[in-house]
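The values are calculated or read from the model by the stated rules, or taken from the named source; none is laboratory data. Only a predicted model underlies this, so the values are computations on that prediction, with no experimental measurement involved. Here the Cβ positions follow ideal geometry from the backbone for every residue, glycine too, while neighbour counts run over all protein chains shown.
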Amino acid sequence: MSQKNQKIYIIAIGGAVMSSLAIALKKKGMTVSGSDDKIYDPAASLLKSNGLLPHAMGWDANRIDDSIDAVIVGMHAKADNPELLKAQELGIKIWSYPEFIRAQSDNKQRIVIAGSHGKTTITGTIIHVLNYWKRDFDYVIGAKINGIDETIKLSNAPVIIIEGDEYFTSPLDPEPKFLKYDHHIALISGTAWDHINVYPSEKSYLEQFEKLANRTPKAGTLVFCTDDKQAKKIGNAERNDVRKEPYETPKYKVKDGAFVINGDTPVKLFGKHNMQNIEGAKTILKRIGITDEQFYEAVASFEGAFKRNNLLAENSHTSVYTDFAHAPSKLAATSAALKELHPKRKLVACYELHTFSSLNKDFLANYKGTYKTPDEAIVFYDQKVVQEKNYESIAEEEIKSAFGRKDLILFTDTQKLESYLQSKTWKDHDLLFMSSGTFGGMDLAAFAEKIV
């Protein structure tokens, strides 16, 4: 596809990834427009500042005509979207997001970072180190990285780093996104079952990572974490002329409130899982010419991904953190990380059940034993979300039983949660909020300032 003079229409332009793609394509010289039924900040502000915010919300088939060269459809759209149906009727080329990225990277070395956890941090670490050493490369990442303005960069660079998602490709294609990129190098960080609405069994979920590994081409490389039992099994399977690159959690220590790797290199990330992520990034970077010495110099200044282990406020005896953790393995890793950072403090953790999987009775049992680390464990879920999405209601005892903690405290009201937390004494205590949601609209940053 020509890089300029193309007229591109994006259905569901308001998503974090799709809005970034729209901006990247406009910068490449394409004429870009699109639609969505709702757009929130920061995407709304970014689209507006780039002249790409739709004039009106909603879908309108009249916006689609034969002057459009191609339509890119995002996951927020449905198969019966009127604009999508009109594009099909007119025979306009329709791309899914990953297929379009693949078409834009024909002549590049394609590196895909996959896994049920850690892929954003690993991808972000790689991007940071390559930027530090002023290497020429493109990238696609699913979340904002501190110090990096854009989540997508498309140019004539010889390499592209892609965060590979196992969720399905588009409303028209149930195959995982990460199978669409035709990788030369792939990394699998972990394989904890998620997305029960797409993969109803753990077996069906793991099969997707097996497919990814099996698509590694001859002379290609498969990088995998041996600390994850299934990733190790998948990675070690025999494949003709595929290079295996296993990695594991490196040796580290906690000194003066910081995690230290390589003997004397302090890093801004913390927790065993993030030390593992750093090692995964180092393994990939070594394959593309970054030496260990270069890596350790650069990684020391990496601040991590936005909404991952973010410090909201602190004083000499209390810290308040928030994290995007939204699945059992992430809950366990994040709470353990903060306890490891401040082992002498009591940890109060608040976890929001927000995703489809987490609010599904059949999936809840996967939380058994994952919430052991906090000294006080709180679960919150917004009844409005349950009602709006027509989920089956879950009883308090079912949640306590699923987590395996009789002392679990449950809230369904934001004000009651906030009042409870505000009434506590916080000296020598840390507070951790974990969610892909908003705790019912709670202003976490403002609350953190109140208690410290």
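Here are a few things to note about the model shown:
- Qualifying strands (runs of 3 or more DSSP E) (wholly inside region 211-300; at least 2 residues being under 21 Å from Trp133 (Cα atoms)): 265-267
- Of Thr249, Thr216, all but one fail to be surrounded by fewer than 20 Cβ atoms within 10 Å (Cβ to Cβ) and assigned by TED's automatic domain parsing to the domain that holds Arg287; the exception is Thr249.
Condition check ((1) surrounded by 13 or more Cβ atoms within 10 Å (Cβ to Cβ); (2) touching a residue at least 12 places away in the same chain (Cβ under 8 Å); (3) farther than 29 Å from Phe302 by Cβ) across all residues:
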site: Glu238; (1), (2), (3): no, no, yes
site: Asp241; (1), (2), (3): no, yes, yes
site: Lys255; (1), (2), (3): no, no, no
site: Ile261; (1), (2), (3): yes, yes, no
site: Pro266; (1), (2), (3): yes, yes, no
site: Leu269; (1), (2), (3): yes, yes, no
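- Counting only residues that are among the acidic types (Asp, Glu) and in contact with a His (Cβ under 9 Å, 6 or more places away or on another chain), region 286-316 holds 1 of them.
- His317 being within 16 Å of the chain's Cα centre (by Cα) and either in contact (Cβ under 8 Å) with a residue 24 or more places away in the chain or in a strand (DSSP E or B) (or both): no
- Residue count for region 355-383, restricted to those that are of a type in the set (Val, Ile, Thr) and under 26 Å from Ser201 (Cα atoms): 3.
- Search result, residues across region 107-140 that are at pLDDT 95 or above, crowded, with 21+ Cβ neighbours inside 10 Å and among the hydroxyl-bearing types (Ser, Thr, Tyr): Thr123, Thr125, Tyr139
- A search for C-beta distances below 7 Å between a residue of region 213-231 that is within 18 Å of Pro176 (Cβ to Cβ) and any residue that is assigned to a helix (DSSP H, G or I) and at pLDDT below 95, counting only pairs 6+ apart in sequence or on different chains, returns Gln230/Leu206.
- Residue ranges of strands (runs of 3 or more DSSP E) in region 338-452 with at least 1 members within 22 Å of Trp193 (Cα to Cα): 346-352, 376-380, 429-434
- Identity of the residue in region 54-75, without any contact (Cβ under 8 Å) to a residue 24 or more places away in the chain and in contact with a strand residue (DSSP E or B) (Cβ under 9 Å, 6 or more places away or on another chain), that ends up surrounded by the fewest Cβ atoms within 10 Å (Cβ to Cβ): Ala56
- Flag if Ser35 is small (Gly, Ala, Ser), in contact (Cβ under 8 Å) with a residue 24 or more places away in the chain and touching a strand residue (DSSP E or B) at 6+ places or on another chain (Cβ under 8 Å): yes
- Only one of Lys330, Lys344 that is more than 17 Å from the chain's Cα centre (by Cα), assigned by TED's automatic domain parsing to the domain that holds Tyr391 and under 25 Å from Ile261 (Cβ atoms): Lys344
- Yes/no for Lys372 being in contact (Cβ under 8 Å) with a residue 60 or more places away in the chain and charged (D, E, K, R): no
- Residues in region 141-166 that are touching a helix residue (DSSP H, G or I) at 6+ places or on another chain (Cβ under 6 Å), modelled with pLDDT of 90 or more, among the hydrophobic types (A, V, I, L, M, F, W, C) and assigned to a loop (DSSP other than H, G, I, E, B): Ile141, Leu154.
- So Tyr367, is it closer than 16 Å to Asp323 by Cα, modelled with pLDDT of 85 or more and buried (at least 21 other Cβ atoms within 10 Å of the Cβ): no
- Flag for Gly74 being of a type in the set (Gly, Ala, Ser), farther than 30 Å from Val159 by Cβ and either touching a Ser or Thr at 6+ places or on another chain (Cβ under 9 Å) or not assigned by TED's automatic domain parsing to the domain that holds Lys177 (or both): no
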